[in-house]
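Beneath this line is the structure, given in C-alpha cells, with notes to follow.
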Amino acid sequence: MLADLLGAQFHEDIDPFSNTKNDANGTLNKTEGDRIGYNYNIVSSQYEAFLQGNFQFEKLAFFISGKTSNTSYQREGLFLNERFPLTSEGKSEALSFSNYGVKAGFTFKLNNRHSINGMGAYITSAPTLQNSFINSRENNKVVDSLQSEISTSASFSYHLNLPEITMRLTGYYTEFKNATDINYFYVDAGVGSDFVQEVVTNIEKLHYGGELGFAYQATSEIKLSAVASYGDYSYSKNAEVSINFDTVGAEDDLINLIGTLDLGKTNIKDYKLAVGPQKAYSIGVDYRSSKYWWVGITGNYLADNYIDISAIKRTESFL
C-alpha cells in the first residue's frame with residue numbers, strides 16, 4: 001500500500017523493465033492509500049491428526065507414533081497484471097496434499113550408568129507456500145508436477161553416566177526426496193533481459209554424521225567439557241531446472257506463449273549444501289568457587305561452511 005508520495009502528486013504504477021501496467025484494469029496513477037505493484041490473497045489450511053503410544057518396562061522404554069494431515073493452498077489475484085494476462089487475476093487451481101508420517105524410538109538401560117537409544121522416522125510433508133507458487137506476487141502459476149516431500153531418518157545414541165564423567169555419542173542419517181526450490185534473480189541473456197524465477201525440482205539431499213559430547217568433573221570446583229560434531233550434507237542426485245520469464249519482452253516465441261524454458265538436468269550431485277558449518281568443535285573449562293562465584297572459558301572451531309551453488313550454471317543448456 002502506498003503510504004507517502006514524498007511530495008509527488010501520484011505514482012505511475014508500471015513495471016520499469018517492461019513498461020507494462022501492474023494493474024491493467026485499475027488506475028495507472030496511484031495516490032496515497034492505493035495498492036501498487038501487486039495485490040493478491042492466499043488461503044491456506046491444514047488439518048492434522050496425531051497419535052502416540054508410550055510403553056515403559058524395567059529396562060526398556062519405547063514409543064511409536066503416527067500422524068496424518070491435509071494441506072491446501074489457493075491464490076486469488078486481485079490485479080490483472082499486463083505481463084501475465086491469462087494467469088494473474090482470479091483464483092488459481094486449488095492445491096491439496098495428503099500426507100502421513102510414522103516415527104518410533106526406544107531407550108534401553110543396560111544399567112544405571114550405560115544406556116542406548118534409537119529413533120527412526122518416515123514422514124511426507126507438503127511443500128511450502130514459497131515453493132508452490134512460482135511468482136505469487138504477480139500470477140497464479142504453480143510448479144509443474146508438484147508433490148509432497150519425503151524424509152527418512154534414523155539416529156542411534158550411547159549414553160555414559162559415571163560419577164565424574166558424562167558422555168553421549170550419536171550417529172544420524174537423514175534422506176530427503178522430492179524437494180523443490182525457487183530462486184529469483186535478474187538475467188541478461190540470449191532469451192532477453194528479465195527478472196526470472198528459477199525452479200529446481202526433484203531435489204534429493206542426504207545428511208549424515210556424528211556427535212560426541214563429554215564432560216569431566218575434575219575437582220569439586222573445576223569442570224572440563226568438550227563437544228565434536230562431524231556432518232556431511234550434500235545433494236545426492238541431479239535435479240531438474242526450468243526458468244520462468246515474464247510473458248512479454250522475451251525474444252523466444254515459445255517463452256512468450258508459456259513463459260517457461262525447460263533447461264533439463266542440473267549436475268549438482270555430491271555438491272555440499274549451504275546449511276551452515278558441517279564440522280564443529282568446542283572445548284571449555286568452568287571454575288565454580290565455594291564462595292559463590294564462577295568463571296568459564298570456551299573455545300570453538302567451525303569448518304566447512306559452504307555457499308549455495310547455482311543450479312542453472314550446471315545445466316547443458318547453460319554450457
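The values are calculated or read from the model by the stated rules, or taken from the named source; none is laboratory data. Note that this is a predicted model, so its numbers are computed, not measured. Note: ideal-geometry Cβ built from the backbone for every residue, glycine included; neighbour counts use all protein chains shown.
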Among the residues listed as LYS67, LYS91, the single one being over 25 Å from ALA121 (Cβ atoms) and basic (Lys, Arg): LYS91
Near pairs, Cβ below 6 angstrom, 6+ apart or cross-chain, from region 105-124 (of a type in the set (Ser, Thr, Tyr)) to any residue that is part of a loop (DSSP other than H, G, I, E, B) and surrounded by 16 or more Cβ atoms within 10 Å (Cβ to Cβ): THR124/SER148
Condition broken by VAL102, with the remaining ones in (1) within 26 Å of the chain's Cα centre (by Cα); (2) farther than 30 Å from GLY171 by Cα; (3) of a type in the set (Val, Ile, Thr) satisfied: (2)
Identity of the residue in region 299-319, of a type in the set (A, V, I, L, M) and touching a residue at least 60 places away in the same chain (Cβ under 8 Å), that ends up nearest to SER282 (Cα to Cα): ALA311
Residue within region 153-167 that is at pLDDT below 95 and under 26 Å from LEU263 (Cα atoms) present: no
Filter result for LYS205 (modelled with pLDDT of 95 or more and surrounded by fewer than 16 Cβ atoms within 10 Å (Cβ to Cβ)): no
Within region 1-17, tally of residues that are touching a strand residue (DSSP E or B) at 6+ places or on another chain (Cβ under 7 Å), in a loop (DSSP other than H, G, I, E, B) and touching a residue at least 24 places away in the same chain (Cβ under 8 Å): 4
Residue satisfying all of: in region 148-183; more than 15 Å from the chain's Cα centre (by Cα) and assigned to a loop (DSSP other than H, G, I, E, B); farthest from ALA311 (Cα to Cα) among these: PRO163
Single condition THR174 does not satisfy, out of (1) out of contact with any Lys or Arg (no Cβ under 8 Å at 6 or more places or on another chain); (2) surrounded by 18 or more Cβ atoms within 10 Å (Cβ to Cβ): (2)
Every residue from region 52-104 that is surrounded by 16 or more Cβ atoms within 10 Å (Cβ to Cβ), of a type in the set (Phe, Trp, Tyr) and assigned to a strand (DSSP E or B): PHE62, TYR73, PHE97
Matching residues in region 23-48 - criterion: being touching a Gly at 6+ places or on another chain (Cβ under 9 Å) and in a strand (DSSP E or B): TYR40, ASN41
Enumeration of residues in region 138-157 that are farther than 24 Å from PHE50 by Cα, surrounded by 16 or more Cβ atoms within 10 Å (Cβ to Cβ) and not polar (S, T, N, Q): GLU138, LYS141, VAL142, VAL143, LEU146
Tally, over region 46-80, of residues that are over 20 Å from ILE116 (Cα atoms) and not small (Gly, Ala, Ser): 17
Region 250-288: number of residues that are modelled with pLDDT under 90 and of a type in the set (Gly, Ala, Ser): 2
